[in-house]
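*Asks:* Below is the structure I would like to discuss, written out as structure tokens.
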Amino acid sequence: MPRRALATILMFLLAGIPVLGQSAPLAVVTQSSLGHLNNAIASVGSTIYNGDRLSTETGGTLGVRSGSVQLALPENSAIFVGQEGPTFTAALQQGSVAFTVESGGVLRLTAADVRVRPQSSALTVGQMTLENCAVVITSRVQALEVTAGKETKIVEAGQSYRVTLDAGCGKHPSKGPIPTAHSRFFLIPLIVGGLTVPAIQEVFESPDRP
């Protein structure tokens, strides 16, 4: 490679400008303890790109921000992040992810065929947890629109639902009452799993907010 071309690429990288063939930055790590970005250790300020995998070890936490969207992973959790137009997307692979969507932010979370998004453009706070045979959706601030297959339900603030996976486990989950015929949604008592509320706030209120 000619020295002039190499110097130009180096200048772009130092300036934070993506070179040809490199996607634009999607998000940034705001807090990390035993967190990973793909196969590397995640550190505060690490840049996240479309398709990256974020994960935590036992006892770890990881916080990220993409514009008006903030995510927090408790221990033993993993997500793949991406972007579709203005929508920041996160696919939960294991564990839990807590989220805060500020006014004007756009987020869509998925786990198997379960999709979650804020119902309104107002500040929304919630959490998604992947279990063996189900996904638990909890709304803390504002309502969430949750779709499982062809069924959609509004989860109001202060509610928590267990949604059975489409593949299922051959029977209804043992926790909670049996839902109406063919419904995959089980209303359950509000729980605080994974990160506690103070811990979530600590991640989301990082002084290194980009």
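The values are calculated or read from the model by the stated rules, or taken from the named source; none is laboratory data. The structure displayed is predicted, hence computed values, not measured ones. Ideal geometry is used to build each Cβ from the backbone, glycine not excepted, and the neighbour counts take in all protein chains shown.
*Asks:* Please name all residue pairs, on different chains or six or more residues apart, with Cβ atoms under 7 Å, provided the first residue is in the range 118-142 and is at positive phi and the second residue is surrounded by 18 or more Cβ atoms within 10 Å (Cβ to Cβ).
*Replies:* If the second residue must be surrounded by 18 or more Cβ atoms within 10 Å (Cβ to Cβ), the pairs left are GLN142/PRO118; GLN142/THR124.
*Asks:* Take the conditions without any contact (Cβ under 8 Å) to a residue 60 or more places away in the chain and surrounded by fewer than 18 Cβ atoms within 10 Å (Cβ to Cβ) and apply them to GLY85. Does it pass?
*Replies:* Working: without any contact (Cβ under 8 Å) to a residue 60 or more places away in the chain: yes; surrounded by fewer than 18 Cβ atoms within 10 Å (Cβ to Cβ): yes.
When the stated conditions are applied, GLY85 passes them.
*Asks:* Sticking with this one: Looking at SER121, SER174, which one is within 15 Å of SER68 (Cβ to Cβ) and modelled with pLDDT under 95?
*Replies:* On the way: SER174 fails: within 15 Å of SER68 (Cβ to Cβ).
Sole residue among the options that is within 15 Å of SER68 (Cβ to Cβ) and modelled with pLDDT under 95: SER121.
*Asks:* In addition: Which of the residues that make up the range 76-134 are among the charged types (D, E, K, R) and closer than 17 Å to TYR49 by Cα? Working first, answer last.
*Replies:* Our first condition is that a residue be among the charged types (D, E, K, R); within the range 76-134, this holds for 84, 102, 108, 113, 115, 117, 131.
Result: GLU84, ARG108.
*Asks:* Then there's this: Can you go through ALA143, ALA148, ALA111, ALA157 and tell me which one is among the hydrophobic types (A, V, I, L, M, F, W, C) and surrounded by fewer than 18 Cβ atoms within 10 Å (Cβ to Cβ)? Can you show your working first?
*Replies:* Numbers: ALA143 fails: surrounded by fewer than 18 Cβ atoms within 10 Å (Cβ to Cβ); ALA148 fails: surrounded by fewer than 18 Cβ atoms within 10 Å (Cβ to Cβ); ALA111 fails: surrounded by fewer than 18 Cβ atoms within 10 Å (Cβ to Cβ).
Selected residue: ALA157, the only one of ALA143, ALA148, ALA111, ALA157 that is among the hydrophobic types (A, V, I, L, M, F, W, C) and surrounded by fewer than 18 Cβ atoms within 10 Å (Cβ to Cβ).
*Asks:* Report, by residue number, each residue of the range 135-151 that is of a type outside the set (D, E, K, R) and at pLDDT 95 or above. Let's see the steps before the verdict.
*Replies:* Residues of the range 135-151 of a type outside the set (D, E, K, R): 135-139, 141-144, 146-149.
Scanning the range 135-151 gives VAL135, VAL136, ILE137, THR138, SER139, VAL141, GLN142, ALA143, LEU144, VAL146, THR147.
*Asks:* Next question, about the same structure. Out of the residues in the range 124-134 that are buried (at least 23 other Cβ atoms within 10 Å of the Cβ) and in contact with a Pro (Cβ under 7 Å, 6 or more places away or on another chain), which is modelled with the highest pLDDT?
*Replies:* Restricting to residues being buried (at least 23 other Cβ atoms within 10 Å of the Cβ) and in contact with a Pro (Cβ under 7 Å, 6 or more places away or on another chain), the top hit is THR124.
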